[in-house]
Amino acid sequence: MDLGREDSEYPIPLPNVTSPVLKKVLEYCDHYQTDPLPTGDEPSADESRKRTTDISEWDQKFIDVDQEMLFEIISAAHSLDIKPLLDVGCKTVANMIKGKSPEEIRKLFNIVDDFTPEEEAQIKKENEWAEDR
């Protein structure tokens, strides 16, 4: 958008993005500006499945942060529409919960289980299709 003025002179509002999170986001963008993300053809079904949890070594080191920072990075990536960073954050969370029971996931993320036994039974019944067999 051309407003007829130098854009760098005006602040860009970033509500809910703290300075430390913005620094991490800029670090990510800077890395991939100098070392671009690989591009390729459409992946096969096996490659697509593998890509859902594979994270490059650099990305793993980059995203090795505490949970609060991880979720703030995911939120910032979503707000700023940085899909590759959003993918890395979401893959990290997916890997964290992979193979864990609902109770283990609640403990990992400090989620209070406020379902009654009846509500929990109903939810399990409605979602039987999602259970590993």
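At a glance:
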quantity: When each of Lys24/Lys125; Lys24/Lys124; Lys61/Lys124; Lys91/Lys124 is checked by Cα-Cα distance, pairs over 30 Å; calculated: Lys24/Lys125; Lys24/Lys124; Lys61/Lys124
quantity: Packing rank of 80-87, 110-117, where each peptide gets the mean count of other beta carbons within 10 Å, highest leading; calculated: 80-87, 110-117
quantity: Separation of the Glu57 and Thr34 label points, Cα + 7 Å toward Cβ, nm; calculated: 1.8 nm
quantity: Calculated from backbone phi, Karplus (6.51, -1.76, 1.60) coupling profile of region 118-123 in Hz, x at Gly/Pro; calculated: 5, 5, 5, 4, 5, 5
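Laboratory data are not the source of any read-out in this text; all were calculated from the coordinates shown. On a predicted model such as this, the values are computed, not experimentally measured, just so you know. Quick reminder, even Gly has a Cβ in these numbers, built from the backbone with ideal geometry, and neighbours come from all protein chains shown.
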